[in-house]
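Computed from the coordinates by the stated procedures, all read-outs in this text should not be read as laboratory data. Source: prediction; values computed, not measured. No Cβ is skipped: glycine too gets one built from the backbone with ideal geometry, and neighbour counts run over all protein chains shown.
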């Protein structure tokens, strides 16, 4: 959908939102049940058995397991004692346990770091301004952003005052782009010319704005 050319009243009507009061908690819950959270889906984490199997398939582990098997065969035939087989097998088990624990520990540390760096943003909900975690945003939320804020989701401008946005991650242009809620945008205009839109991940360098979220997480719609 081309959000740049859609009229604001039509956007408010389609998203069932109000630019002065925002969404209600009930609306947010209903929308999140459909769209999910404002983040990209993560790959399913490996289970412990899957991690163990992965390390057992490592070339070094396979060689050691073969050596342990040979040692047990020789022990059964009475050629050697059974101790060597158990020692080699113990090395394999210990190596798999340590590698699996290290991976899981690193994963937990990364999750903790993500939680520490949670992006907060200000929205209008139930008629009042609230600071929320950006992952809780849904289409129809009314954002209020100022200079220095990172844009948390794709949004159409409702109001803007001396607004400039750094969009180099999208366009490659190092100079901030001037934005205007009243700008008239040509059909199929490139991202750099969509001056009535805000795009997730870009930085507001100057001014302030009110904008309505039109896309979040995997539902982001680039025009």
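Structure notes:
- Label-point separation, residue 6 to residue 174 (7 Å along Cα→Cβ), nm: 3.6 nm
- On Cα atoms only, tilt of 59-76 relative to the major axis of the chain in degrees: 20 degrees
- Residue 99 versus residue 111: modelled label distance in nm, points set 7 Å from Cα along the beta carbon direction: 2.2 nm
- Pairs of Cα atoms in region 48-115 fall into 5 Å distance bins, from 0 up to the last occupied one, in shares of 3, 17, 20, 16, 14, 10, 7, 5, 3, 2, 1, 0 percent.
- Each of (1) 1.29; (2) 1.04; (3) 1.10 is a candidate for Rg/Rh (Cα atoms, Kirkwood Rh); the one calculated from this structure is (1).
- Modelled spin-label separation between residue 206 and residue 21, with each label point placed 7 Å from Cα along the Cα-to-Cβ direction: 3.7 nm.
- Where only DSSP H runs of four or more residues are counted, the chain gives -12000 deg cm²/dmol as its mean residue ellipticity at 222 nm, each run worth -39500 (n - 2.57).
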